[in-house]
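**Student:** Following this message is one structure expressed as C-alpha cells.
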Amino acid sequence: MNLNWQFIMDSLPLYREAGWTTLKLGFLGILISLIIGFVCSIVLYFKVKVLKSIVQVYIELSRNTPLLIQLFFLYFGLTKLGIALSENACAIIGLSFLGGSYMAEAYRSGLEAISKTQIESGLSIGLNKAQLVRYVIFPQAFSVSMPSLGANCIFLLKETSIVGAISVVDLMNITKDLIGMYYQTFEALFMLVAVYVVIILPLSLLLTWLERKVRYAEFGN
C-alpha cells in the first residue's frame, strides 16, 4: 500500500496543533497528579486522622472507575449542579484525579520500603523527625518509587487519547474527524501513531535517564 503523502503533508498542521494540546493536557495532568499523590502518600504514611479515611476513599474511587466515566461526570454531570467547566479543564481534572491515586500508591510503596532499622539508626545519631524525613526517608523512598512514577507518567500521557470523547481537539479527535471526512484511514492512523511516538518516546528516555541518575546518586551504582 502506497501512502498518500499529499494528505499527510496537508494534515500535518492539524496534528501539530492537536499534539501540542495533548502534550499540554498530559503535562498538567501529570504535574498535578504528582502533587496529589505526594500529599496523599504523606497522609497515609503518617496515618493522619480523618484525612487518612478520606484519602483511602479517594484512591479506591479513582482506581475503580474508568477515566471516561470520570470525564463524562465532570463535563456533563456537573452541569446539572450549575457547574460548567471547559473541555480542557475537565480533561486536566480527570487526568489529575485518576493519576493522583496511582502516584499515591507509587509514593507509598517507596515509603514503606524504608526499613525500621534505618529510621532507628537515624534517631540514634540525633536526627529529629524533620531531618529524618528529609535526609533518610524521602531520598530513599523517591528512588524506590521512581520506576512506578515513570510508568504512571507514561500511562497518563497515553490516557489523553480518551479526552476526545468530551470534544477536546486532541490527536484522537483529529484522527477520527479526518477519517470521517476523507476516508484516509491508514494515513490518519499512521500520523496518529507517529505523533504519539514523537511525544512519548522522549519522555520515556528522559524518565529512564532520570531513574538511573537518582539511583546512582542514592546508591552510587
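**Student:** Kindly indicate whether any position in segment 192-201 is touching a residue at least 24 places away in the same chain (Cβ under 8 Å), within 22 Å of R16 (Cβ to Cβ), surrounded by 20 or more Cβ atoms within 10 Å (Cβ to Cβ) and more than 27 Å from the chain's Cα centre (by Cα).
**Tutor:** no
**Student:** Right, something else. Look through segment 126-148, keep the residues that are surrounded by fewer than 20 Cβ atoms within 10 Å (Cβ to Cβ) and of a type in the set (S, T, N, Q), and return whichever of them is modelled with the highest pLDDT.
**Tutor:** S148
**Student:** Something else about it: Mind listing just one residue for me: the one in segment 167-189 that is polar (S, T, N, Q) and not in a helix (DSSP H, G or I) and, of those, modelled with the highest pLDDT?
**Tutor:** Our first condition is that a residue be polar (S, T, N, Q); within segment 167-189, this holds for 167, 173, 175, 184-185.
After this cut, where a residue has to be not in a helix (DSSP H, G or I) as well, the list is 167, 184.
Values: S167: 84, Q184: 90.
Per the stated criteria, the residue is Q184.
**Student:** Given (1) part of a loop (DSSP other than H, G, I, E, B); (2) among the β-branched types (V, I, T); (3) in contact with a Ser or Thr (Cβ under 8 Å, 6 or more places away or on another chain), where does I83 come up short, assuming only one miss?
**Tutor:** (3)
**Student:** Identify the residue in segment 49-67 that is of a type in the set (A, V, I, L, M) and surrounded by 13 or more Cβ atoms within 10 Å (Cβ to Cβ) and, among all such residues, is farthest from Y102 (Cα to Cα).
**Tutor:** Only one residue fits best here, namely L51.
**Student:** Another question about this same structure. Could you identify the single residue in L156, L123, L78 that is touching a residue at least 60 places away in the same chain (Cβ under 8 Å) and assigned to a helix (DSSP H, G or I)?
**Tutor:** Every option except L156 fails the conditions.
**Student:** Select, from S62, S96, the only residue that is more than 18 Å from N173 (Cβ to Cβ), touching a residue at least 60 places away in the same chain (Cβ under 8 Å) and out of contact with any strand residue (DSSP E or B) (no Cβ under 7 Å at 6 or more places or on another chain).
**Tutor:** S96
**Student:** Right, something else. Scan segment 177-189 residue by residue and report those that are free of Cβ contacts under 8 Å to residues at least 60 places away in the same chain and surrounded by 14 or more Cβ atoms within 10 Å (Cβ to Cβ).
**Tutor:** The first filter runs over segment 177-189 and keeps only residues free of Cβ contacts under 8 Å to residues at least 60 places away in the same chain, leaving 177, 179-181, 183, 185, 189.
Those that are free of Cβ contacts under 8 Å to residues at least 60 places away in the same chain and surrounded by 14 or more Cβ atoms within 10 Å (Cβ to Cβ): D177, I179.
**Student:** I want to confirm something. Restricting to segment 149-169 and keeping residues that are under 8 Å from the mean Cα position of the chain (by Cα) and buried (at least 20 other Cβ atoms within 10 Å of the Cβ), which single residue is farthest from L28 (Cα to Cα)?
**Tutor:** Here the answer is N152.
**Student:** What about A104, is it within 22 Å of T160 (Cα to Cα) and assigned to a helix (DSSP H, G or I)?
**Tutor:** It is true that A104 is within 22 Å of T160 (Cα to Cα) and assigned to a helix (DSSP H, G or I).
**Student:** Here are some residues: F97, F38. Which one is at pLDDT 95 or above and either exposed (fewer than 14 other Cβ atoms within 10 Å of the Cβ) or among the aromatic types (F, W, Y) (or both)?
**Tutor:** On the way: F38 fails: at pLDDT 95 or above.
Among F97, F38, only F97 is at pLDDT 95 or above and either exposed (fewer than 14 other Cβ atoms within 10 Å of the Cβ) or among the aromatic types (F, W, Y) (or both).
**Student:** Read through the list (1) assigned to a helix (DSSP H, G or I); (2) within 23 Å of the chain's Cα centre (by Cα); (3) more than 19 Å from F38 (Cβ to Cβ), then give the number of the only condition that T65 fails.
**Tutor:** Exception for T65: condition (1).
**Student:** Going through segment 99-116 one residue at a time, which ones are touching a residue at least 24 places away in the same chain (Cβ under 8 Å) and either on the phi > 0 side of the Ramachandran plot or not hydrophobic (A, V, I, L, M, F, W, C) (or both)?
**Tutor:** Of everything in segment 99-116, those that are touching a residue at least 24 places away in the same chain (Cβ under 8 Å) and either on the phi > 0 side of the Ramachandran plot or not hydrophobic (A, V, I, L, M, F, W, C) (or both) turn out to be G99, G100, S101, Y102, E105, Y107, R108, S109, G110, E112.
The values are calculated or read from the model by the stated rules, or taken from the named source; none is laboratory data. The model shown is predicted, which means the values in this text are computed figures rather than measured ones. A quick note on method: Cβ atoms are made from the backbone with ideal geometry, for glycine too, and the neighbour counts reach across all protein chains shown.
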